Amino acid sequence: MRFIRPRSRVTAFGSAGFAAAALIAGAVVAPTANAQTNQTAGHGKDDAAAHGAALAATRAAKAGIDWQDCPADWGFEKPIQCGYVTVPIDYTKPNGKTIKLAVDRIASTGTKEERQGALVYNPGGPGGSGMRFPRRVTTKNPLWVNTSKAYDFVGFDPRGVGHSAPISCIDPQEFVKAPKADPVPDSTADKNAQRKLAREYADGCAERTGRTMLAQMTTPNTARDLDVIRAALGEKKLNYLGVSYGTYLGAVYGTLFPSHVRRMIVDSVVNPARDNIWYEANLGQDVAFEGRWKDWEDWVAKNDAAFHLGTTRDAVQAKWLQLRATAKKSPLGGVVGPAELLGFFQGAPYYDSSWVPVATAFSKYFAGDPQPLIDAASPDLSDTAGNITSENGNAVYTAVECTDAKWPTSWKKWDKDNTELNKQYPFLTWANAWMNLPCATWPVKQQSPVEVKTGKGLPPVLIVQSQRDAATPYEGAVVLHQRFKGSRLITEKDAGSHGVTGLVNPCINSRVDTYLLTGKLDAADFTCTPHATPVP
């Protein structure tokens, strides 16, 4: 599962965040490892990593960040500034090899008295870049005007992403040449072909990235990186906004560094239970995507006057299956097969903002104009920079999820689970399985997930979740709410768009502002009515 994702190499589903210390001689430094009470005390490797993280944060606090105008080819306009923060590749070896993490910021727009520090953001993935976050200020996004008066907006490329020692698993040009075959297998031969692709991809990650780096591509290490960034910013405590996978990063950060958190918002929440990370999470996502796909089909049917695709869900589904069958027999425009179609259409259950564009292209195809759909679903084979970004994001997604946790190695289990699931939830199941199958033959040691829980000093966390989210099912918000004592859960009822804090819903927007500006939360959990339904 990838939370907030580009279309993938096999169009198997890959999905789609933010840092406390003592003040000595005017410099912000990190607490000792002993102060990190939830770093699984008593376990040698964890204790060593905790010590390494504290040491790295102390160094970063002294070094600060040399802010400069961003490189022209990064695409960030003034007054956004860019810089780097140095972190160890392996936190158990803080004096060993290091990498540089790219960060950017835009200063708060308010008065000196209004400023409350830095707000650090992670958009999800794993593999997503947060570097566009400061552009919410330069583009004058109305949802963030109040918050930007109080906070510097800070984004970063997590380890392995973008400008932060990017990793790779396959040649970018090969990556975008997605197969035209239907991800749903017709035979054992089809399955074996996908198994071969998955093994080759896993081996490619080791070859192109190197085992040393690959073994350190984990969520706990990214959480430690986040604390080093917090220190480098000169912040005593972290203010953090995490969306999608960024909520799991926030949950792990809050567990490892509970007393370092000032304010934290997690939006569209990954279920952090250890037995859910990550194999079960992907199976659960398949179920949720089917539900939201049906919501979209119902909406298309309700708006048949605009789209002419049928007046019932079943009629719209029949058109979808007809389209897939046509593309399977002969790729649309020679380039769009069922895999590419799925990469485009899955935007509808992901985001309400995709409902109209996807339905419009779908409608035009059946009205005799296939080109809009072909243009929307086709891989861009000419955009080298875009291909590199897409391949890199997919590599980081795979590396983090495969290294974070132990995955089943038995093909019989994968085959049985996905065959059964596909019977009732066919929209995404097999594509998702192929996306994650490299984890079955992963070439470096797989870790055990962090036991997410409330630690000493963790302040109340704000959790925001839509009720019918496909990418991160609602249960995840409930589980994190139970584990983070004192947290508050805002539910957007009868809604399912992924990433709630970026939508216009005054019930939610006002509570986000209030929390970030004052630290105040509702006395109890709160349910908001849904944001406006898209209109054709």
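The values are calculated or read from the model by the stated rules, or taken from the named source; none is laboratory data. Everything quoted here is computed from the prediction, not taken from an experiment. Positions of Cβ are generated from backbone atoms using ideal geometry, with glycine treated the same way; all protein chains shown enter the neighbour counts.
Can you find a residue in region 444-451 that is surrounded by fewer than 22 Cβ atoms within 10 Å (Cβ to Cβ), among the hydrophobic types (A, V, I, L, M, F, W, C), in a loop (DSSP other than H, G, I, E, B) and touching a Ser or Thr at 6+ places or on another chain (Cβ under 7 Å)? Yes; the residues of region 444-451 include at least one that is surrounded by fewer than 22 Cβ atoms within 10 Å (Cβ to Cβ), among the hydrophobic types (A, V, I, L, M, F, W, C), in a loop (DSSP other than H, G, I, E, B) and touching a Ser or Thr at 6+ places or on another chain (Cβ under 7 Å).
Is it true that TRP320 is in a helix (DSSP H, G or I) and within 30 Å of PRO408 (Cα to Cα)? No; evaluated as a whole, the condition is false for this residue.
Of the listed requirements (1) in a helix (DSSP H, G or I); (2) at pLDDT 95 or above; (3) touching a helix residue (DSSP H, G or I) at 6+ places or on another chain (Cβ under 9 Å), ALA385 misses just one: (2). Taking (1) surrounded by fewer than 18 Cβ atoms within 10 Å (Cβ to Cβ); (2) touching a helix residue (DSSP H, G or I) at 6+ places or on another chain (Cβ under 7 Å); (3) assigned to a loop (DSSP other than H, G, I, E, B) in turn, PHE427 satisfies each apart from (1). Residues in region 492-509 that are closer than 15 Å to SER244 by Cα and β-branched (Val, Ile, Thr): VAL500, THR501.
Of the residues making up region 155-195, those that are of a type in the set (Gly, Ala, Ser) and either in contact with a Phe, Trp or Tyr (Cβ under 8 Å, 6 or more places away or on another chain) or more than 28 Å from LYS100 (Cα to Cα) (or both) number 7. Meeting the requirement of 1 or more residues that are among the basic types (Lys, Arg) and either under 30 Å from LYS445 (Cβ atoms) or in contact with a helix residue (DSSP H, G or I) (Cβ under 6 Å, 6 or more places away or on another chain) (or both), the helices (runs of 4 or more DSSP H) wholly within region 128-207 are 135-138.
Given the criteria touching a Phe, Trp or Tyr at 6+ places or on another chain (Cβ under 6 Å) and within 25 Å of ARG313 (Cβ to Cβ), does ASP286 qualify? Answer is yes for this residue.
When each of LYS196, LYS236, LYS177, LYS149 is tested for being under 24 Å from the mean Cα position of the chain (by Cα) and farther than 16 Å from PRO123 by Cβ, the lone residue that passes is LYS177. Among the numbered conditions (1) closer than 17 Å to LYS520 by Cα; (2) surrounded by fewer than 22 Cβ atoms within 10 Å (Cβ to Cβ); (3) within 22 Å of the chain's Cα centre (by Cα), the only one that LEU462 does not meet is (2). The set of residues from region 294-313 being of a type in the set (Asp, Glu) and closer than 19 Å to GLY368 by Cα comprises just one member, ASP304. Considering PHE526, PHE484, the condition of being crowded, with 19+ Cβ neighbours inside 10 Å and among the hydrophobic types (A, V, I, L, M, F, W, C) is satisfied by PHE484 alone. Within region 105-127, the set of residues being more than 10 Å from the chain's Cα centre (by Cα) and not in a strand (DSSP E or B) comprises ALA107, SER108, THR109, GLY110, THR111, LYS112, GLU113, GLU114, ARG115, GLN116.
The set of residues from region 215-237 being under 23 Å from PRO460 (Cβ atoms) and among the charged types (D, E, K, R) comprises ASP227, ARG230, GLU235, LYS236, LYS237. For region 85-98, a residue qualifies if it is under 22 Å from the mean Cα position of the chain (by Cα) and either modelled with pLDDT under 95 or part of a strand (DSSP E or B) (or both), and the qualifying residues are VAL85, VAL87. Checked against the criteria, ASP369 does not count as under 23 Å from the mean Cα position of the chain (by Cα), exposed (fewer than 13 other Cβ atoms within 10 Å of the Cβ) and either farther than 30 Å from CYS205 by Cβ or not basic (Lys, Arg) (or both). Of the residues PRO379, PRO408, the single one that is assigned to a loop (DSSP other than H, G, I, E, B) and buried (at least 18 other Cβ atoms within 10 Å of the Cβ) is PRO379. Considering only region 63-84, state which residues are assigned to a strand (DSSP E or B) and either among the hydroxyl-bearing types (Ser, Thr, Tyr) or out of contact with any Lys or Arg (no Cβ under 9 Å at 6 or more places or on another chain) (or both). Hits for region 63-84 are GLN68, TYR84. Checking THR454, THR472 one by one, the residue that is among the polar types (S, T, N, Q), in a loop (DSSP other than H, G, I, E, B) and buried (at least 24 other Cβ atoms within 10 Å of the Cβ) is THR472 and no other. Among the residues here, TRP411 qualifies as in contact with a helix residue (DSSP H, G or I) (Cβ under 7 Å, 6 or more places away or on another chain), of a type outside the set (D, E, K, R) and over 28 Å from THR212 (Cβ atoms). Set side by side, the residues TYR240, TYR245, TYR201 differ, and just one is touching a Pro at 6+ places or on another chain (Cβ under 7 Å) and closer than 28 Å to GLY457 by Cα, which is TYR245. Considering (1) assigned to a helix (DSSP H, G or I); (2) closer than 30 Å to ASP90 by Cα; (3) more than 18 Å from the chain's Cα centre (by Cα), the lone condition that MET435 does not fulfil carries the number (3). Meeting the requirement of 3 or more residues that are buried (at least 22 other Cβ atoms within 10 Å of the Cβ), the helices (runs of 4 or more DSSP H) wholly within region 214-311 are 219-232, 245-256, 279-302.
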